[in-house]
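Here is the structure we will look at.
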Amino acid sequence: MNMMHNRMKANSILKQIMRWYIVTPVIMCCFLLVAFHTTKASDMVNSYSIHPSEIRDIEGVKISIDLAWTLLCGFLVFNMQAGFAFLGAGFLQKKNTLNYLTMSFMDFCVGGLIFWAFGFALMFGGSYLAFGLDAGNTLVGYSGFFLSFGTFDYSTSKLWLFQMMFSAAACTIVAGAVAERIKFNTHIICSIVLCGIIYPVYGHWVWGGGWLANLPFGSGMRDFAGSGVVHGIGGLIALVAAWMIGPRFGKYNPDGTPNMFHGHNLSFVVLGTLFLLFGWFGFNAGSTLGSTDLRVSIIAANTFLAACTGGVALMYITYFDTGKFDIVMTCNGTLAGCVAITASGAYVPHWAAVAIGFIAVIILRESLHFIEIRLRIDDPVGAISVHGANGLWGLLSVGIFADGSYLGVKGLITGSGWQLLSQFIGCIVLMIWALGIGYILFYILKKTIGLRVPVNEENTGIDVYEHGISCYPGFN
Amino acid sequence: MNMMHNRMKANSILKQIMRWYIVTPVIMCCFLLVAFHTTKASDMVNSYSIHPSEIRDIEGVKISIDLAWTLLCGFLVFNMQAGFAFLGAGFLQKKNTLNYLTMSFMDFCVGGLIFWAFGFALMFGGSYLAFGLDAGNTLVGYSGFFLSFGTFDYSTSKLWLFQMMFSAAACTIVAGAVAERIKFNTHIICSIVLCGIIYPVYGHWVWGGGWLANLPFGSGMRDFAGSGVVHGIGGLIALVAAWMIGPRFGKYNPDGTPNMFHGHNLSFVVLGTLFLLFGWFGFNAGSTLGSTDLRVSIIAANTFLAACTGGVALMYITYFDTGKFDIVMTCNGTLAGCVAITASGAYVPHWAAVAIGFIAVIILRESLHFIEIRLRIDDPVGAISVHGANGLWGLLSVGIFADGSYLGVKGLITGSGWQLLSQFIGCIVLMIWALGIGYILFYILKKTIGLRVPVNEENTGIDVYEHGISCYPGFN
Amino acid sequence: MNMMHNRMKANSILKQIMRWYIVTPVIMCCFLLVAFHTTKASDMVNSYSIHPSEIRDIEGVKISIDLAWTLLCGFLVFNMQAGFAFLGAGFLQKKNTLNYLTMSFMDFCVGGLIFWAFGFALMFGGSYLAFGLDAGNTLVGYSGFFLSFGTFDYSTSKLWLFQMMFSAAACTIVAGAVAERIKFNTHIICSIVLCGIIYPVYGHWVWGGGWLANLPFGSGMRDFAGSGVVHGIGGLIALVAAWMIGPRFGKYNPDGTPNMFHGHNLSFVVLGTLFLLFGWFGFNAGSTLGSTDLRVSIIAANTFLAACTGGVALMYITYFDTGKFDIVMTCNGTLAGCVAITASGAYVPHWAAVAIGFIAVIILRESLHFIEIRLRIDDPVGAISVHGANGLWGLLSVGIFADGSYLGVKGLITGSGWQLLSQFIGCIVLMIWALGIGYILFYILKKTIGLRVPVNEENTGIDVYEHGISCYPGFN
């Protein structure tokens, strides 16, 4: 009794010390930062590209409209995190739900800080898309670090917020494919590298004034809202990660045939898909960065049509196969349609959105089969096929269906094949970059902190081991 | 062993053939479409009513503001699908949850394609509300098919997207009333007819320049955001459908007294109501099709007041009756208030919104009682009373409470009864149209593919039979 | 048999009478209202500050943009109700879930009507922020009652709608802290007083042209989006309420050590946090009341950065303590960051948002410990620490980190301490006001209708007793 009491007391003192061990340097850091910035505060005041209260003409009004549009669309994209959370939680086993939710939650928390510190600077430095982003070359950008140092402005913060949500989405795509077996910290490090290097660098090449956007074929490589930059990157990193980590225990029989692990709450799968579609309107239509570009309504309509087509097509294709109306496949079909139209939504007419959505589900189906049966890679939520395979198809679809009515991007249907060549190069580069860096990253992680949780943890459920509690304490 | 192997092989070959049987014609179709449209692509480029980059004056800026407003409100209306999914899932038994979710998901997928193909053209052809919608008469429109053929424009896509979400809502209303017993394909056909004919034709009469809007009494029939067009149509088709299909097995005792089937997750009912209210702001305030119509804030405030009144009133009325604070009734009361204010939100002062919301719950209560006890129609979620009965009340409320401060619509409170006459005619026409066509539709369906699932399927639960899996595999 | 039949008949007649007893006066009231207002309807038509169709110049366009922005942000704030519902439901025991959901649902229903009737008038009367709000002094406002009497205008309804959502949030904060033991009607009365008096009066002092905003130190007290006005008020009333009601049965052992009551669905806690963050963008960035104030993007980015910092910091601080990745604490950390940045988001640079978020979680952690262990106050969801303690920290943070780049508010980092003095006075006044009035309110309630449900009800679960049904009937 007495010993225990002493031990508790010692523990308590230790915790007190720990507490101040953490608190003190933090407070010191804050004050150092304060001291450092105090001297610069007055410069900041004068660093605006336009003063908030100075809207007096049409140009000022247009800035204000575009600001509202982009921010609201960015908020919608943030709401996709709720969609991913629902979707993943529904797809997984009850015993690992909390682990997935924690990973996807930390993706945007950690990703947000990293993308603020340097991801954004690597991606948009030298793009001149906002105030102060004027240092960078065609390979990488180097201005906008911490949104400070002469880039503190409404326009920079606007671009950062919207793009931040995109990089978080890319991380969360990976979280689904490696769920139920990855170590928590391994995933966090993967998210840091993804948001800090992999995503921004490829993003710079496509959106930040880099070399892919300036390819001499057609209009250069075009990825309107990120089929490749966001979904392709996410899906291909997911491919490497799921392959390196290996399948869940019991997924494959000794003869190589796969077993099915049912999700524990399919209503969450449907709800997650609905919230993802809701956010996807912002994802695609918001990528104009303003509603003074009237193309936004055509983009939104294309997004919706591709999603509808994907859902209907995969529902009935699956029905002809299995005799069941498989809502889980339907949801994945809808998402595949959305991923594919993400690159091309602005450039194609409405009938092409339907065609792109339809082809997306054919690709999804073949890819799911190929990855599960041939490659024997275990992807619990189908992220590799939905986001990876259809991300690549989305890039190609621009080169096929673009009708020249927006920014002069002309695909095969206008009789020119040059744009398709650019898109094809973009795909190849994407694959080399994502698979290559992804392999290096996971190889290093494997050799250092390890990739997988211990086997007993995997069998009992990660929630209780890593998070100290099950997801539904009240139901047990 | 060997035989089984052969059979599997045969199956696999069959599937391969099936696969190409599906894929080939699709690819061919796509290429035909491509060929067909390629020749027209250049015309498309020139078909814009205003070029995206040509915003130089106040008029252009106003177009841009209204575009942003309408699209964002349309996205909110789409989010009502999540609300319907939560609400329906919560109201139903666990064994049929997935079936309802699949139906409501397919409602907007199938509905989206149908409304794109011809529903929109029937509804808005001849309305001149967007570019190219210039063919149509007072009975039906006939321009805007596939949003093509000279109507490919930002303005048409904007109107389509917003209205599309409305027609999906009408379908989903039906899904609730027929849940737990309807055949899946029967519901899909009902949604196709609803989105393709029933909703657009009545909608044309009211919003597309049709004869009801031009009645010579008062300002003609007015239904601001669709109490009648969306909720009335949905609710009355639900009435016919639920009546023709018959009650769920065990709903009525041999002496005709009803039994209560509890929903399986009442937290979903509350959450669904919250998401519906969230979307309803877009539904009502977005129906101005632009925030340069400053009335939007009054509409939003009216919507919220009617919802609050409905919730508070029904909570305490039910409490006086039963001694319980019945949250399910409260949620329905809130929705009833929203349905009623949908037609009149723009025309009435705030105090009238409170009155309309209050009367709505009285009507809801009487209607629920009348339909369950007198008509002995089984409506699991109360859709007929919430959307049908209060849809009609919403139409009438315009004729009573409109104060003349918006577009000159003047109701009884200004001393004139003509507007009420127009609204009354609108109600009668709505009932004849919806109940008549609805009856014909379900009569044909009954005689052909049948309406109900087999009785053993109903008893065991539709999820496992039709969808191959239960909604919560992990919990069993 | 016969007797029972008679009794049922008598009951039925009684109910019929009851029904008309309720309906008749209501209909009469409506008609009286009609009669009363009919005479004034024509005046209303002419009471507009600007006619809806009269947008012809830059000023009109700016009004229209700001209207769209404020309304859409207001809708997002409404969606926080879904976040609170998820969060609270997840944190609580299964047997009391429905009770909490009903309380939080009624908060905005009842609050909406009260804030319409007089809360808004007390808060913004005399602020001149919208049409007709011209009567009021520095202590309290008195114009805008019922949004009528010469204040019926788009601008007044806009301001009301946005502010309405804020007052509902304050009520719902209280609901979390008193959950699982408060009487339903006691909570409703608390919400009425909160929305009708406590919140509006303090709000008037800060936002309605009252004396706190005009303190002679610095720029006067500044609370940008309501760290103090909304979260501080809500959190401190929650403190008084939870203290007066006492802890849940079994929360504290005889020796004063607390027991842990696990929430029943931790996935709801994560989802709730995501929806709250989604709404928080509207909460903070919408508080400019327009996107023609270009500061909105900086506010949104600050909000996100503080949230991310809060989440990451508390996750790893907890990990060093317990060895577990505690997602529940992480969610609370994120929310604490949001609460703290709410007051200062517009005034501080991005690095300060990170610092504010970090300090917020230190405060959260100490406060949780202090309230649970030292004060022995039982707060099931941590509302007092998240909203109360960090609401106060948010107020102070303006005085420290404001860099003078927005509206001239200059904190310590610019070398001036006057603003911090103003903020400090605001904190003291907030504590005196909220704790004082809160104490009086709950003292009266205790002496009259009582605060707590009976002990057997608490043990069995409030849902079945007060609401007549459990939350998951299908699962039992």
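The values are calculated or read from the model by the stated rules, or taken from the named source; none is laboratory data. Values in this document were obtained by computation on a predicted structure and should not be read as measured data. Cβ placement follows ideal geometry from the backbone for every residue including glycine, while neighbour counts extend to all protein chains displayed. SASA here: full protein model, heavy atoms, side chains in, ligands and nucleic acids out. Shrake-Rupley method; radii C 1.70, N 1.55, O 1.52, S 1.80 Å.
With the alpha-carbon atoms as the only input, what is the per residue convex hull volume for the stretch C:304-369 in Å³?
With only Cα atoms used, the stretch C:304-369 gives 66 Å³ per residue.
Expressed as a rounded percentage, what relative contact order does the stretch C:334-449 have, with Cα pairs under 8 Å and six or more residues apart?
The normalised contact order for the stretch C:334-449 reaches 26 percent.
Shielding of B:352-364 by partners, i.e. mean partner chain Cβ atoms within 10 Å per residue?
3
Let me check against my output: what whole-number percent is the relative contact order of the stretch C:377-426, with C-alpha pairs under 8 Å and at least 6 apart?
Relative contact order of the stretch C:377-426: 29 percent.
Using a 7 Å offset from the Cα along the Cα-to-Cβ direction at both C:ARG56 and B:ALA135, what is the distance between the two label points in nm, to one decimal?
Going by the 7 Å Cα→Cβ label model, 3.9 nm.
Tell me the chymotrypsin sites (Phe, Trp or Tyr not before Pro) within the stretch B:211-276 that lie in a loop according to DSSP and have at most 14 other beta-carbon atoms within 10 Å.
Loop-located and lightly packed - B:PHE249.
In peptide C:230-236, what is the residue-averaged number of other protein chain Cβ atoms found within 10 Å of each Cβ?
Mean partner shielding for this stretch: 0.
Would you list the P(r) distribution for the protein assembly as shown, with all Cα-Cα distances sorted into 10 Å bins from 0 and each bin expressed as a whole %?
Pairs per bin, as whole percents: 2, 9, 18, 24, 23, 16, 7, 2, 0, 0.
Once you place label points 7 Å from the Cα toward the Cβ at A:ALA117 and B:VAL464, how far apart are they in nm?
The modelled label-to-label distance comes out at 5.3 nm.
Using protein heavy atoms only (no ligands, DNA or RNA), what is the total accessible area buried between B and C, 1.4 Å probe, nearest 100 Å²?
The contact between C and B buries close to 6400 Å².
Over the whole of C:118-131, what's the average partner chain Cβ count within 10 Å per residue? Rounded to a whole number, please.
Per residue, the average neighbour count from other chains is 0.
Which distance in Å, rounded to a whole number, links the C-alpha centroids of the stretch B:409-437 and the stretch A:164-216?
57 Å
What is the Cα coordinate range of chain B on the first, second and third principal axes, sorted by size from largest, in whole angstrom?
Here the Cα extents, ordered largest to smallest, are 84, 70, 38 Å.
Quick one: go through the stretch C:438-476 and flag any residue whose amide nitrogen is under 17 Å from the point 7 Å out along the Cα-to-Cβ line of B:MET260.
C:462-476
Which value results for Rg/Rh of the stretch A:430-474 when Rg is the Cα radius of gyration and Rh the Kirkwood radius based on the inverse mean 1/r?
1.22
So how far apart, in nm, are the two label points at B:ASN214 and B:ILE449 if each is 7 Å from Cα heading toward Cβ?
Roughly 3.8 nm, to one decimal.
How far apart are the A:LYS447 label points across copies, placing each 7 Å from Cα toward Cβ, in nm, shortest first?
Counterpart label points of A:LYS447 in the remaining copies fall at 7.7, 7.7 nm.
Would you mind calculating the relative contact order of chain C from Cα pairs under 8 angstrom and at least 6 residues apart, reporting the percent as a whole number?
20 percent
Which whole-angstrom value gives the distance between the alpha carbon centres of the stretch B:62-110 and the stretch A:96-136?
31 Å
Give me the percent of the accessible area of the stretch C:371-476 that comes from carbon and sulfur atoms, probe 1.4 Å, all protein chains in place.
Here carbon and sulfur together make up 67 percent of the probe-accessible area.
For A:LEU236, B:LEU239, write out the residues from largest to smallest accessible area, computed with a 1.4 angstrom probe and no ligands counted.
From most exposed to least exposed: B:LEU239, A:LEU236.
Between copies, how close do the C:HIS369 label points come, placed 7 Å along Cα→Cβ, listed in nm from shortest?
From this label point to the equivalent ones elsewhere in the assembly: 6.0, 6.0 nm.
Which order do C:THR460, B:THR172 take by accessible area at a 1.4 Å probe, largest first?
Most to least solvent-accessible, the answer reads C:THR460, B:THR172.
Using helices alone, what [θ] at 222 nm do you get for chain A, with -39,500 (n - 2.57) per DSSP H run of 4 or more residues, divided over all residues and rounded to the nearest 500?
-20500 deg cm²/dmol
Per residue, how much accessible surface does the protein assembly as shown expose to a 1.4 Å probe? Answer in Å², no decimals.
Using a 1.4 Å probe on heavy atoms only, each residue of the protein assembly as shown averages 31 Å².
Round to the nearest 10 and report in Å² the accessible area of C:LEU375, as given by a 1.4 Å probe over the protein chains' heavy atoms.
The accessible area comes out at roughly 80 Å².
Which pairs in the list C:LYS183/C:LYS324; A:LYS94/C:LYS95; B:LYS410/C:LYS158; A:LYS251/C:LYS94 are over 29 Å apart, alpha-carbon to alpha-carbon?
From C:LYS183/C:LYS324; A:LYS94/C:LYS95; B:LYS410/C:LYS158; A:LYS251/C:LYS94, over 29 Å: C:LYS183/C:LYS324; A:LYS251/C:LYS94.
Quick check: residue separation of B:ARG376 and B:TYR252 times 0.36 nm, minus the Cα distance between them. What number comes out in nm?
Answer, rounded to one decimal: 43.8 nm.
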